[in-house]
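Please treat every number below as a calculation from the coordinates, not as lab data. Since the structure is predicted, the reported quantities are computational estimates derived from the model, not experimental observations. Note that we place each Cβ from the backbone using ideal geometry, even for glycine, and neighbour counts take in every protein chain shown.
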Amino acid sequence: MSLADSNMVLPDLTSFKKGDEHAFKIIFEDNYDRIVGFCLQFIPDREEAKNIAQQSFVKLWLNREEVNTINGICAFLYTAAKTECLNFLRHEKYKSEYQKNTLKIKENLLNRQILESFHFNKLEYQELEGMIQLALEKLPERCRIVFEKSRFEGKKNREIADELGIAIKSVESNITRAIKILRKELRDILPFVLWML
Amino acid sequence: MDNNIIIKYLQGTASEAEIETFFQWLDESEKHRNEFIELKKIWALTSKFENKEGVSWSDIQPEFSKPVKKRFLYSFIKNAAVFILLIGIGAIAQYFFFGEKDEHVYARSFAVTAPAGQMTNIELPDGTLVMLNSGTSLQYNSEFSSGKREVYLEGEAFFDVQKDVEHPFTVKSDYLGVRVYGTSFNIQAYPEDREFTATLIEGSIGLLDKNGYELSKLEPGEKAFFNDSTASIEIRKVDTEMYTSWKDGLVTFRNEKMDYIAKQIERWYNVEIIIQKEGLCDERYFGTILKNKPIDQILDVLKLTTSLEYEIVPRANKPTLIYWK
């Protein structure tokens, strides 16, 4: 299993725009997991994250006529999720538990800063995904296996350690290594897209 | 810092102590922050959730191909939005008007901020008057009202402290602090300057180190200056007017270097100044300026006795940029 299933069936844009239920079903199935996954990185509450992700799909449905390319669909979903997450975090700040917890406030600000630095409109998502895939292939094998098990198969560090017969520490450092290499690889490819800070 | 802490933080398995270490590392430098932002972006984009409940589009889709229902849905959403807005207003109102109720349950903190370009006056619960200069924030918690008169300052403020011998008033900052015995004084402690200045007008104050130990007492008319890089404290007699004139909208520069003046102006007007001219940083200016004048008038005054030339470039959604050339 990888980030994108390579033989993914692309829905037909015209039928999607017309409101074809089947086309939309495909889009939902292909993207739901990663949009929820994305939201979860900023909103740890699973129910909230799912709710926000679902809102993004409803938004896509209501605005389907504005989407001009198939690849634009993913960018639209991420943008909608970003906006919804930002709104949520802005309100979260006023909740009373935030008033006394400086770490929570710091985290809230940090997450907002990160979200704001995403510019999905500027890229064809498909292209970005291909690049991430390419960068993944450049990782040392052990490193890539650990990273993929952790990120795409949702396995816990403990499970990966047992499965591969290595120490938990080594799982952690392989993930660290993977993400540092990815950062370097992707920074060279996409200087003005992902890294616009 | 241990790299694995970053991974643990990303995976959401870091302990409270590790999270604290993580944020310390993050706050250490802009470089750390940017590095983490890049890592987190990759993390978020490669994240997948396991849809165990098997949620499908038909569970959440709005009714389609039925225009009448669609309109119903729309008005439902609209009404729901108004309703949620009202709940929101209620919640905010509750926070503002009834917030004090749970004051004694836990130490809730309050923060007052004067944004760049503005000054703010506040009266603390004990009657102490504080005037905050531009780009300053003052924090205290609910224990303040029950006698623990302690505030935390980032920036510059003038204090006129209500006398109360039994409850000393303490000002803390990133560097030094001050214990007060009913008096008025000025403190400048912008974290980015890595300096601390306390100027006493009347009464008596004690200078505190980070741990709250009294290092020395100040007499009226004395100024204590601490610099983080030399870690030395200097106490001397000064013309206090110079250090407090900002609160009357006046500011006095006595032979100050232009880069220092630029920093001050950045705070008052919320602008960004870029000094391009070689040697201008080290030129000095002597004089009093009226702070509440438009910025171009201030710059014109500076132009009279220095070699300053300027260009103002307004920018959308960002502070105005001013080149000194």
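Things to note:
- Applying a threshold of 22 Å to the alpha-carbon distances of A:Lys184/B:Lys40; B:Lys257/B:Lys291; B:Lys217/B:Lys247 flags B:Lys217/B:Lys247 as lying beyond it.
- Most positive-pole-ward Cα, B:Leu215, B:Asn255, B:Thr199, against dipole of the stretch B:160-262 from beta carbon charges: B:Leu215
- Over 21 Å (Cα to Cα) - which of A:Lys169/B:Lys48; A:Lys138/B:Lys41; A:Lys169/B:Lys8; B:Lys263/B:Lys303 fall in this group: A:Lys169/B:Lys48
- Look at the stretch A:59-67: the mean tally of other chain Cβ atoms within 10 Å of its residues' Cβ atoms is 1.
- Going by neighbour counts of Cβ atoms within 10 Å, the residues B:Ser245, B:Ser56 line up, fewest first, as B:Ser56, B:Ser245.
- Euclidean distance of C-alpha centroids, the stretch B:1-64 and the stretch B:127-175, integer Å: 37
- Kirkwood Rh, angstrom, the stretch B:178-248 [1 / mean 1/r, Cα pairs]: 12.4
- Relative contact order, percent, the stretch B:249-324 [alpha-carbon distance under 8 Å, six or more residues apart]: 37
- One way to sum up the overall shape of the stretch B:3-45 is the equivalent ellipsoid from its Cα gyration tensor, whose semi-axes run 16, 15, 6 Å, largest first.
- What you get for the stretch B:3-45, charging only the Cβ of Lys and Arg (+1) and of Asp and Glu (-1), is a dipole of about 240 debye around the Cα centre.
- Segment B:Val165-B:Ser29, extension gain: residue separation times 0.36 nm, minus the distance between their alpha carbons: 44.8 nm
- Over 19 Å [Cα-Cα, the stretch A:138-189], rounded percent: 22
- When the stretch B:3-45 is described by a simple charge dipole with +1 on each Lys and Arg Cβ and -1 on each Asp and Glu Cβ, the residue from B:Ile42, B:Gly12, B:Gln24 located farthest towards its positive end is B:Ile42.
- Computed E for B:Ile233/A:Thr102 - FRET, C-beta separation, R0 35 angstrom, nearest 0.05: 0.75
- Sequence-separation-based contact order of the stretch B:107-243, relative, with Cα cut under 8 Å and 6+ spacing, percent: 15
- Projecting the Cα positions of B:Ile322, B:Ser307, B:Tyr269 onto the charge dipole of the stretch B:254-325 (unit charges on Cβ atoms of Lys, Arg, Asp and Glu, taken about the Cα centre) puts B:Tyr269 furthest along the positive direction.
- Whole-number D in µm²/s for the stretch B:115-218 (Stokes-Einstein; Kirkwood sum over Cα pairs; 4 °C, 1.567 mPa s): 96
- Here the alpha carbons of the stretch A:13-122 define both size measures, Rg and Dmax, at 15.4, 52 Å.
- Value of Rg to Rh for the stretch B:170-325, rounded to two decimals, is 1.02; Kirkwood radius and Rg both from alpha-carbon coordinates.
- Average other protein chain Cβ within 10 Å of Cβ, residues A:167-178: 3
- The Cα center of the stretch A:129-166 and the Cα center of the stretch B:195-212 differ in position by 56 Å.
- Partner shielding of A:28-40 amounts to 5, given as the average count of beta-carbon atoms from other chains within 10 Å of each residue beta-carbon.
- Distance between the C-alpha centres of the stretch B:247-262 and the stretch A:59-90: 49 Å, rounded to the whole angstrom.
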